[in-house]
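Down below is the structure, laid out as structure tokens.
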Amino acid sequence: MCGIVGYIGVKSNPLEVVIEGLKQLEYRGYDSAGVAFIEDSKFRIYKEVGKISNLEAKVKNIDFSKVSNLAIGHTRWATHGGVTVPNAHPHISNSGEIILVHNGVIENYSVLKEMLVRKGYYFYSQTDTEVIVNLIEEHIKEDNTFEDAVILSVKELSGTFGLVISYLKEPDKLIAVRKGSPIVVGVGDNESIIASDINAIVKHTKNVIYLEDGEIAIVRKDDIKTKDFAGEDVKKDVFVVDWEIESLNKGNYPHYMLKEIFEQPVAIENCIRGRLLEDEGAVKLGGIAKLENYIHKIRKFVFIGCGTAYYAGMVGKYVMENIGGILTEVDYASEFRYRNPMVSPRDVVVAVSQSGETMDTLEALREAKRKGSITMGIVNVVGSTIAREAGMGIYIHAGPEIGVASTKAFTNMMVAIIMLSVFVGRRKRLGIFEGREIVSNLKKIPELVEYTLNTTNKITNDIAKEFYKSRNFLYLGRHYNYPIALEGALKLKEISYIHAEGYPAAEMKHGPIALIDENMPVVVIATKGSIYSKIISNIQEVKARGGKVISIVNEDDKEISKISDYVVTVPNTIEVLSPIINVIPLQLLAYHIATIKGLDVDKPRNLAKSVTVE
Ligand code: G6P
């Protein structure tokens with residue numbers, strides 16, 4: 001959750017690289033931040049509570065002429081210890097010679113702390129991290145080299161950790177360690193940058209090395225050596241990242257979230273490019289070609305994910321069963337991994353994740369592998385841990401997503417899942433004509449999404465002005481659009497702090513109907529489809545109890561428009577693709593409500609974009 005950055009190289013101001021990198025990672029956690037560098041043969045540390053900009057203001061007048069060629073930094077999302085300056089990273093050892101930043105959780109820190117206290121160490125913070133830095137110091141005192149002291153220490157730790165460590169006596173290197181928390185090393189020209197994800201690196205180099213669990217990297221400006229925790233050398237491949245730096249800026253948009261909402265047509269275009277075979281009514285997905293070998297043996301699909309990715313998986317259940325013709329389950333990754341799931345070598349477990357680093361999803365994937373299942377990933381970040389460990393997968397190609405509330409990654413996850421279902425369906429029960437219908441309509445989706453963005457932006461803003469003071473919202477949808485009701489409610493909760501619930505429209509009468517009165521806005525996804533007439537009855541039930549109905553309908557709709565208080569029209573498409581269109585006005589509605597309330601939509605309170613702790 002925390003973001004870490006380390007720089008070693010020839011730049012005259014290494015802090016600039018680190019602060020810039022921390023800003024790119026701020027979405028990982030943002031309750032406090034800190035940096036350290038060497039000046040006059042001493043570590044200098046600056047820490048601030050709040051956003052990186054607070055820290056930046058504090059360091060802007062430093063005279064960098066006397067400053068070292070290395071710096072490390074951290075943006076924190078508190079786990080152990082409150083949000084205070086002493087708890088912010090970097091943490092320094094008692095002698096002042098070792099310093100480090102940490103992402104993760106050390107589970108056995110209290111035992112280690114007691115041991116170190118007995119040896120005379122003093123602790124200045126309540127964090128688990130301070131234990132690591134003093135443990136390394138203790139091993140150095142025992143006459144081990146810096147590298148060996150790090151290896152000995154990390155072997156004593158249980159839990160998860162991504163670390164960047166600096167030792168005053170060896171300023172020509174930084175050591176990075178990974179167990180459970182991601183670490184990437186950028187290989188630059190006479191400079192190396194270590195970070196918890198590539199966003200902090202791509203401005204400087206697109207060549208990166210991903211550390212695996214149980215590996216350390218000894219990083220110099222012009223040399224990177226990797227080893228395992230046994231001290232054996234490990235040879236690593238250098239990946240080339242294809243993200244453009246411009247996509248990491250807000251451009252002319254006030255928020256990343258709005259930019260990412262408006263990027264959806266291009267993102268979907270990138271997701272489908274080269275993958276649709278119109279004549280054959282089929283799709284080409286190179287990353288899952290080997291699935292062909294098992295296709296007639298597959299018993300079921302299981303989509304696993306967290307948050308928004310889970311809802312994309314839920315759409316997957318409807319789509320895969322309908323057009324793939326295979327039994328499909330969907331599970332929260334955090335539940336799947338601990339409930340002894342019934343999966344076998346004939347089942348395909350699909351890990352859905354924007355970041356490819358979410359700890360619960362990663363561990364659920366590993367559990368599925370242990371049970372011998374076929375596994376695959378539907379992932380955005382190329383080279384991320386889930387992408388590497390899944391065995392096969394579909395990259396969704398949404399480009400970097402910075403806003404904490406996921407938007408373009410969600411739509412692209414749905415697009416990838418629909419393509420996966422066509423891939424499976426065309427080898428099973430889906431005929432060429434049905435396949436062609438889906439594929440040709442999918443091709444038109446970027447244009448329809450563009451149109452929807454342009455036609456629903458103002459109306460959702462007007463509706464937001466009416467309802468931003470509401471304390472509760474209900475979202476109703478059915479079938480393919482039930483998960484969209486859940487996602488709409490989640491977006492609103494995440495960024496506007498309004499309580500919202502998503503419900504299958506027909507279930508409303510079994511409980512939530514009791515909540516409906518004139519103060520309850522009810523958003524109903526009511527586009528044309530197999531259960532359109534049933535939705536009309538559900539709306540009547542809301543109206544009869546005084547609820548305010550905001551309907552998402554097709555442009556040629558007559559009936560629902562008449563009985564709704566507010567109507568948002570969206571273009572027609574085939575039913576299986578309707579969730580991709582219908583989620584757009586719900587994203588915009590949540591965005592407008594949050595901005596009218598003056599909230600920081602890109603960094604909602606208490607949330608982190610990439611949850612790499614359990
Ligand atoms: C966090 C984020 C959500 C995201 C979820 C899964 O909770 O705040 O927006 O949907 O993690 O993230 P992933 O990277 O696995 O898709």
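The values are calculated or read from the model by the stated rules, or taken from the named source; none is laboratory data. Remember, it's a predicted structure, so these values are computed and weren't measured experimentally. Positions of Cβ are backbone-derived with ideal geometry, glycine not excepted, and every protein chain shown enters the neighbour counts. The accessibility values were calculated without ligands, DNA or RNA, using every heavy atom of the protein model including side chains. Shrake-Rupley method; radii C 1.70, N 1.55, O 1.52, S 1.80 Å.
Summary of computed values
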{"item": "Area of K141 that stays accessible when all protein chains are in place (1.4 Å probe, Å², to 10)", "result": "130 Å²"}
{"item": "The chain: antiparallel DSSP beta bridges as a percent of all, rounded to 5", "result": "60 percent"}
{"item": "Cα-centre dipole for the stretch 537-585 with unit charges at Cβ (Lys and Arg positive, Asp and Glu negative), debye to 20", "result": "260 debye"}
{"item": "Net length gained if the chain between D279 and N322 were fully extended (0.36 nm per residue, minus Cα distance)", "result": "13.3 nm"}
{"item": "By average C-beta atoms within 10 angstrom, highest first, the peptides 415-425, 112-122", "result": "415-425, 112-122"}
{"item": "Per-residue SASA entry for E16, accessible area with 1.4 Å probe, Å² rounded to 10", "result": "120 Å²"}
{"item": "FRET efficiency for N249 and K119, using Cβ-Cβ distance with R0 set to 45 Å, rounded to 0.05", "result": "0.40"}
{"item": "Segment D172-F433, length gained on full extension (0.36 nm per residue, minus Cα span)", "result": "87.6 nm"}
{"item": "Dipole of the chain [Lys/Arg +1, Asp/Glu -1 at C-beta], most positive-end residue of I194, Y122, I38", "result": "I194"}
{"item": "Nearest-ten-degree value, helix 359-370 long axis tilted from longest Cα axis of the chain", "result": "80 degrees"}
{"item": "Within the stretch 405-427: backbone nitrogen closer than 19 Å to the S440 label point (7 Å, Cα to C-beta)", "result": "419, 422-423, 426"}
{"item": "Charged-residue dipole, Cβ positions (Lys, Arg, Asp, Glu), the chain about Cα centre, Debye nearest 20", "result": "1180 debye"}
{"item": "Scattering profile of the stretch 449-602 at q = 0.10 Å⁻¹ [log10 I(q)/I(0), Debye over alpha-carbon scatterers]", "result": "-0.29"}
{"item": "Entries of K469/K603; K469/K558; K206/K250; K60/K173; K58/K597; K203/K250 with Cα pairs more than 18 Å apart", "result": "K469/K603; K469/K558; K206/K250; K60/K173; K58/K597"}
{"item": "Reduced Cα scattering model of the stretch 250-430, Debye log10 I(q)/I(0), q = 0.09, 0.10, 0.17 Å⁻¹", "result": "-0.29, -0.35, -1.01"}
{"item": "FRET efficiency for D148 and V111, using Cβ-Cβ distance with R0 set to 22 Å, rounded to 0.05", "result": "0.50"}
{"item": "Fraction of antiparallel bridges per DSSP, the stretch 250-430 only, in percent to nearest 5", "result": "10 percent"}
{"item": "Dipole of the chain, positive end: most advanced residue of G251, L515, I535 [Cβ charges, Cα centre]", "result": "I535"}
{"item": "Unit charges on C-beta of K, R, D, E only; dipole of the stretch 482-614, Debye", "result": "160 debye"}
{"item": "Reciprocal mean inverse distance between Cα atoms of the chain - Kirkwood radius, Å", "result": "25.4 Å"}
{"item": "For the stretch 356-408, with +1 on Lys and Arg beta carbons and -1 on Asp and Glu, the positive-most of G377, G391, S406 along the dipole", "result": "G391"}
